[in-house]
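The values are calculated or read from the model by the stated rules, or taken from the named source; none is laboratory data. Every value quoted in this text rests on a predicted model; they were computed, and no experiment measured them. FYI the Cβ positions are ideal-geometry reconstructions off the backbone, even for glycines, and counts take in every protein chain you see. Please note that ligands, DNA and RNA were not included when accessible areas were found on the heavy atoms of the full protein model with its side chains. Shrake-Rupley method; radii C 1.70, N 1.55, O 1.52, S 1.80 Å.
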Amino acid sequence: MASVQIRGIQKFFGSTHVIKGVDIEIEDGQFAVLVGPSGCGKSTLLRMLAGLEEITDGEIAIDGKVVNNVQPKERDIAMVFQNYALYPHMTVHDNMAFSLMLAKVDKTLVRERVAKAADILGLGDLLERYPRQLSGGQRQRVAMGRAIVRDPQVFLFDEPLSNLDAKLRVQMRAEIKELHQRLKTTSVYVTHDQIEAMTMADQIVVMRDGLVEQRGRPLELYDHPANLFVAGFIGSPAMNFIPGVLRRGEGLHIEFADGTRLPAPRNADGIDAADGRKIIYGVRPEHLTLGAAGGIPSVVAVVEPTGANTEVYSRFCSTDIISIFRERHDFAAGQAIHLVPDHERTHLFDAATGTVLRHA
């Protein structure tokens, strides 16, 4: 196992600035997830870590050793790709053993490592099959097994579940997390799926346009987003955002376009913000409850019962609001309802910059 340090990394493709000065510290044994929308630079960063892309500027160190000029095969890493990258003419056993055979590892040790990896991944009965005879989930296990047998210092995962159906993705998420808990090998995982990030990571790194917007533990990012982008990207359904202005007077309040006023978040009393400052009021769907009056007066547009929850889409001041209720309600389109936020869990963002407003 090993720690990974990414320091001041820059990447240009011609005149296009793709990675714009990224610093990330990944501790020994940690499972770090790089998450962000397509084109944010997360896969490019992973490929630079693997040695598959040249670094324009900055340093990458594995276990304290700078690897900028080290060949991929000498970095002691193993990568699991999105498309499995299995050899179709080789059996499962031979696919898993291939890198060890190239390295001229003793055949007895190869058999032992393959058998151990197959046992961990439940592939023991499939070792003589060919990739075409396997399901998508089984192929992904083989790709993971090929990485495990190398016993690397660092595992790299490049969107490994994106080709699987929804049910299988959930199953494989749990299997990868269990695998990490068992092997405790430092892992860097790239995905655009924030649910994968939330459920699997020790550390999440949220990226946008080649920059790190925020990094931290999953619930830290969920409960304390640094800006509008992180608040909207982490969480499903996403946080609700309602434009308004700050009003100072008898306590700090938020005033919306129709004159509705709500108390500011309880932790907002110490923020440095003038009366009339334009803000974005953020509240997560599960932090809204149904009230008889007050709160946010809105009109029901769509009701989506999911079984365990009821998701309600309503409108307030031309803004769409999503609320989630554990209990069941018989809502109808066009019905007026009052949504009461939990003021301990709401957020204020500066309308101009998108930055969260915190205590001065």
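Quick notes on this structure:
For every residue, the table says whether it meets (1) in a loop (DSSP other than H, G, I, E, B); (2) closer than 18 Å to Gly232 by Cα.
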site	(1), (2)
Gly294	yes, no
Pro297	no, no
Val300	no, no
Glu304	no, no
Ala308	yes, no
Ile324	no, yes
Ile337	no, no
Leu348	no, yes
Thr353	yes, yes
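- Residues that are out of contact with any Asp or Glu (no Cβ under 7 Å at 6 or more places or on another chain), open to solvent by less than 40 Å² (accessible area, probe 1.4 Å) and either at pLDDT 90 or above or assigned to a loop (DSSP other than H, G, I, E, B) (or both), drawn from the stretch 259-284: Thr260, Leu262, Ala264, Pro265, Gly270, Ala273, Gly276, Ile280, Tyr281, Gly282, Val283, Arg284
- The residue of the stretch 102-114 that is modelled with the lowest pLDDT, among those that are touching a helix residue (DSSP H, G or I) at 6+ places or on another chain (Cβ under 9 Å) and surrounded by 12 or more Cβ atoms within 10 Å (Cβ to Cβ), is Val105.
- Residue match in the stretch 291-314 (condition: in contact with a helix residue (DSSP H, G or I) (Cβ under 6 Å, 6 or more places away or on another chain) and either free of Cβ contacts under 8 Å to residues at least 24 places away in the same chain or of a type outside the set (Asp, Glu) (or both)): no
- Of the listed requirements (1) surrounded by 18 or more Cβ atoms within 10 Å (Cβ to Cβ); (2) more than 22 Å from Asp223 (Cβ to Cβ); (3) at pLDDT 95 or above, His287 misses just one: (2).
- Filtered by the rule that a residue be open to solvent by less than 90 Å² (accessible area, probe 1.4 Å) and without any contact (Cβ under 8 Å) to a residue 12 or more places away in the chain, the stretch 72-100 gives a lone residue, Asp94.
- Every pair of residues 6+ apart whose Cβ atoms lie under 9 Å, when the first sits in the stretch 342-353 and is under 15 Å from His253 (Cβ atoms) while the second is of a type in the set (Lys, Arg) and open to solvent by 60 Å² or more (accessible area, probe 1.4 Å): His343/Arg266; Thr346/Arg266; Leu348/Arg358
- Unique match (being charged (D, E, K, R) and in contact with a Lys or Arg (Cβ under 6 Å, 6 or more places away or on another chain)) among Asp275, Asp342, Asp350: Asp275
- Taken over the stretch 115-151, the criterion of being open to solvent by less than 10 Å² (accessible area, probe 1.4 Å) and in a loop (DSSP other than H, G, I, E, B) is satisfied by Leu123, Val149.
Yes/no per residue for (1) in contact (Cβ under 8 Å) with a residue 24 or more places away in the chain; (2) open to solvent by 60 Å² or more (accessible area, probe 1.4 Å); (3) in a strand (DSSP E or B); (4) closer than 28 Å to Ser314 by Cβ:
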residue: Val212; (1), (2), (3), (4): yes, no, yes, no
residue: Arg215; (1), (2), (3), (4): yes, yes, yes, no
residue: Ala231; (1), (2), (3), (4): yes, no, no, yes
residue: Ile242; (1), (2), (3), (4): yes, no, yes, yes
residue: Ala257; (1), (2), (3), (4): yes, yes, no, yes
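- Candidate set from the stretch 6-23 (those that are free of Cβ contacts under 8 Å to residues at least 60 places away in the same chain and under 15 Å from Arg47 (Cβ atoms)); member that is nearest to the chain's Cα centre (by Cα): Ile6
- Check on Glu327, open to solvent by 20 Å² or more (accessible area, probe 1.4 Å) and touching a helix residue (DSSP H, G or I) at 6+ places or on another chain (Cβ under 7 Å): no
Here's the yes/no breakdown for (1) buried (at least 21 other Cβ atoms within 10 Å of the Cβ); (2) outside any helix (DSSP H, G or I); (3) among the hydroxyl-bearing types (Ser, Thr, Tyr):
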residue: Val170; (1), (2), (3): no, no, no
residue: Ser187; (1), (2), (3): yes, yes, yes
residue: Met198; (1), (2), (3): no, no, no
residue: Leu219; (1), (2), (3): no, no, no
residue: Glu250; (1), (2), (3): no, yes, no
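- Within the stretch 103-119, the set of residues being under 32 Å from the mean Cα position of the chain (by Cα) and under 10 Å from Val149 (Cβ atoms) comprises Arg113, Val114, Lys116, Ala117, Ala118.
- Any hit, the stretch 24-41, residues being open to solvent by 10 Å² or more (accessible area, probe 1.4 Å), touching a Leu at 6+ places or on another chain (Cβ under 7 Å) and not basic (Lys, Arg): no
- Here Gly282 fulfils each of the conditions (1) closer than 24 Å to Arg315 by Cα; (2) out of contact with any Ser or Thr (no Cβ under 7 Å at 6 or more places or on another chain) apart from (2).
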